[in-house]
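Read-outs: derived from the displayed coordinates by stated rules, not from any lab. Values in this document were obtained by computation on a predicted structure and should not be read as measured data. A quick note on method: Cβ atoms are made from the backbone with ideal geometry, for glycine too, and the neighbour counts reach across all protein chains shown.
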Amino acid sequence: MKISEFSDLFGTNPDTIRYYVNMGLLVPRTHNKRYDFGAADENDMKFLLQLKNYQFSLHEIHRILALRRLSNFDSEDDLNDYLGMLKTQKRALAEQRVSVDKALTDINVHIREMAAKKGPETVRTGIPLKFLDLIACPHCGCSMKLSECTIENQEIMSGQLTCSCGYKTSIRNGILLGETGPVSIGDGMDLERNCYRMMSPELLSLVQRSYLWMADRLNSCDLSGKVVLEDCINNYCFCYTNFVELDPDALYIICDKFEPVVEMYKQLIEKLGLQLNILYIAAGSHQLPLKRGCVDYYIDYDSSNEFAILQGSFAVKQIQEYLSDDAAYVGVFTHFKPGCRSMEELYKEYPGAWQFTFNSFRFEQCLNEEWHEAEYDPKFGFVTDSGWGESFSYHVQGEKLWLSPFFCRK
């Protein structure tokens, strides 16, 4: 809906809505340079007004909205952060009890509602049987024999896989295990999702805009029955927070070299309660136990820079053999201005990083050379404050960190 209709719906004026959009509190889609507000924006606005009723500042509301967009409070850490903010606000309101008595009552109810999200354990999932045709030996490419398996509800929970060439692997807790290959000294597991949690609200809002861009491109395609691979989820996981926007009839493969990271995201995805076809793999990108040429869509949300830092190439090079002849490549590339102080700090932190890390010109050049119909937006948006801690530790505040989405076909 148009901004005038949206503002009328909530009894406010368009200037207020524009202010919320400029702050990143609302992140609507745009068509022909006009805002197009949908159901998700209505939910955000209702939640925003609810938090204003609790007398949170707009800065605090921005942070809470960012946490909700990040995980819908299904992540225990994000949920605890939110509960902590609610309880702190409750104490502040208590000091003004006469004027805020109604807000105290409402916030108590809301604390109970959110605490209930910890609730009962979710149903564990395994590997749907339909994925067996996609599993292959990473060494010789042949199909493997499944034995000693446990199957529940047409899903494989555990089992052994062997190949005639001598390769062996297993399925554990519904996750297909493979070989990780060498792990760089600078590579570690982010089980607290600090790469998200330590982002500034401004960067999280820009991430949300890029998510919408990617989801729109994917949903313009027929994903039904297609294989969609997202690798290197230890960096960022697009699918997890966007599954509700994507085709439920696609076959999704979620991968990372670290089994605990895959297990963590598996548990978060299971909490969504969606009926999806998902194969979870814990293996190195170039050693995935998949058939060659089986992937129709490859998702890369800034994996290219992690590979450039640690492996000396862009991420797509690692999984090239798994892509079909007409595969599509979609994702977001982050970059700095060449020679800036942030890049100097990055090379101090990672002395062996590839020379084309965070290099937009080189990445776009690779897209145009190796892919067709390449759509790349190098000026999609930027932030000058990306957050703190592990998010972008080398980013010098004040310098522009750009996010650039892309979509192309093989």
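Below are the figures for this structure:
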{"quantity": "Estimated FRET transfer efficiency when R0 is 56 angstrom, pair PHE361-SER57 (beta carbons, to 0.05)", "calculated": "0.85"}
{"quantity": "Gained length - THR384 relative to SER313, 0.36 nm times residue gap less alpha-carbon distance", "calculated": "22.9 nm"}
{"quantity": "Proxy reagent accessibility, fewest Cβ within 10 Å first, across SER313, SER391", "calculated": "SER313, SER391"}
{"quantity": "Centre separation in Å (Cα based) which lies between region 166-182 and region 14-89", "calculated": "40"}
{"quantity": "Spin-label pair ARG91/GLU375, simplified geometry with 7 Å Cα→Cβ offset, distance in nm", "calculated": "4.9"}
{"quantity": "Sequence of SER71, SER224 once ranked by neighbouring C-beta atoms within 10 Å, starting from the fewest", "calculated": "SER224, SER71"}
{"quantity": "Contour minus Cα-Cα distance for ASN22 and ALA39 (0.36 nm per residue)", "calculated": "4.2 nm"}
{"quantity": "ARG217 paired with LEU129, simple spin-label distance in nm, labels 7 Å along Cα-to-beta-carbon", "calculated": "3.7"}
{"quantity": "Virtual paramagnetic centre 7 Å along Cα→Cβ of ASP15, amide N under 18 Å, in region 21-64", "calculated": "21-23"}
{"quantity": "Euclidean distance of C-alpha centroids, region 225-301 and region 315-379, integer Å", "calculated": "21"}
{"quantity": "Exceeding the 21 Å Cα-Cα cut-off - candidates LYS168/LYS226; LYS130/LYS266; LYS117/LYS226", "calculated": "LYS168/LYS226; LYS117/LYS226"}
{"quantity": "Neighbour net charge for SER313 - beta-carbon separation under 13 angstrom, K R +1, D E -1", "calculated": "-1"}
{"quantity": "20 Å tail of the calculated P(r), region 1-160, as % of Cα pairs", "calculated": "65"}
{"quantity": "Cα shape, region 119-199, gyration tensor, a/c 1.5 rule", "calculated": "oblate"}
{"quantity": "GLN50/CYS165 FRET efficiency (R0 51 Å; Cβ-Cβ; nearest 0.05)", "calculated": "0.30"}
{"quantity": "Of all DSSP beta bridges in region 194-409, antiparallel share, percent nearest 5", "calculated": "45"}
{"quantity": "Convex hull (Cα only) mean projected area of the chain, reported in nm² to one decimal", "calculated": "21.4"}
{"quantity": "With 5 Å bins from 0: P(r) over region 194-409, alpha-carbon pairs, percent", "calculated": "1, 7, 15, 20, 22, 18, 11, 5, 1, 0"}
{"quantity": "Potential extension, THR30-LEU83 segment - 0.36 nm per residue separation minus Cα distance", "calculated": "15.8 nm"}
{"quantity": "For region 288-357, alpha-carbon Rg and Dmax in angstrom", "calculated": "14.3, 43"}
